[in-house]
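What follows is a short report on a single structure.
The values are calculated or read from the model by the stated rules, or taken from the named source; none is laboratory data. Just so we're clear, the structure is a prediction, and the values are computed from it rather than from any experiment. As a convention, Cβ positions derive from the backbone with ideal geometry for all residues, glycine included, and neighbour counts pool all protein chains shown. Surface areas here come from the heavy atoms of the whole protein model, side chains and all, with no ligands, DNA or RNA. Shrake-Rupley method; radii C 1.70, N 1.55, O 1.52, S 1.80 Å.
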Amino acid sequence: MTRLATRDAYGALTEPNTIRIERLLPGPVDRVWAYLTDSEKRRKWLAAGEMELRVGAPFELVWRNDELSSRKEPKVNDFPDEQRMHSRITEVDPPRRLSFTWEGSGDVTMELTPLGDEVLLTVTHRSLPDRDTLIMVAAGWHMHLDTLADRAAGAEPQPFWSGWRRLREEYDARLPA
C-alpha cells in the first residue's frame, strides 16, 4: 500500500493544477459509496445536498464545516457559517466512480477501489484556477477526508478549522510556487 493510502497522507500534485488525495476506509464499497452520494451521510464529513445520480443532473453542495465535529472552535474569519456551490454530475458508475463540476474551481472525480475488507477512496480535483485556490482546496480535501475516515471508523472527528489552518500552511510549504 502506498503512503497516500494512509489516514494522514498528503495529497500530491499529478499535474500543475490537479491534486490527488487518497484514503483507505473500512468497507464494504457500498457503504463508502453511500458516504459520497447520500446527502445525510455526506453532510457529516463534507457537504449536504441531494444528488440525482444521473449524468448532467445539477445539484447544490451546502457546507457547514462548524458542524463536522462536536468539539467547537473558532472558525476562519474569511468564511461564512454556510457555503453553497452549484455543481453538475459529469460521470456516474455506481459504486465505483462519481465525477462532477465544482463551480469556479474545477472538476472532481471520486473513485472507489475495494481492497479486501477496506476501500481505497481516490479524490482527484482538476483545473484549479490558481495556486491560492489549490492550497485551500488541498487543505480542505485533506481535512474533509480525515473527517470521513473518522466517521467511517466510528470515531469523533477533530475540529475542522484548526486542522484546516495547519494544513493550509503545510500545503503552502509543500506545493511548488
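Values computed for the structure shown
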item	result
Test: residue in the range 105-121 that is open to solvent by 10 Å² or more (accessible area, probe 1.4 Å), within 26 Å of Asp66 (Cβ to Cβ) and in contact with a Leu (Cβ under 9 Å, 6 or more places away or on another chain)	yes
Single unsatisfied condition, Glu82 versus (1) touching a residue at least 12 places away in the same chain (Cβ under 8 Å); (2) of a type in the set (D, E, K, R); (3) out of contact with any Gly (no Cβ under 7 Å at 6 or more places or on another chain); (4) surrounded by 15 or more Cβ atoms within 10 Å (Cβ to Cβ)	(4)
Residue in the range 149-169 that is within 19 Å of Asn17 (Cβ to Cβ), in contact (Cβ under 8 Å) with a residue 60 or more places away in the chain and under 14 Å from the mean Cα position of the chain (by Cα) present	no
Elements of type strands (runs of 3 or more DSSP E) contained in the range 72-175, each with 3 or more residues being in contact with an Asp or Glu (Cβ under 9 Å, 6 or more places away or on another chain) and at pLDDT 95 or above	83-93, 97-102, 118-126
Residues of the range 13-36 satisfying the condition of being assigned to a strand (DSSP E or B), more than 16 Å from Gly140 (Cα to Cα) and open to solvent by 20 Å² or more (accessible area, probe 1.4 Å)	Thr14, Glu15, Leu24, Pro26
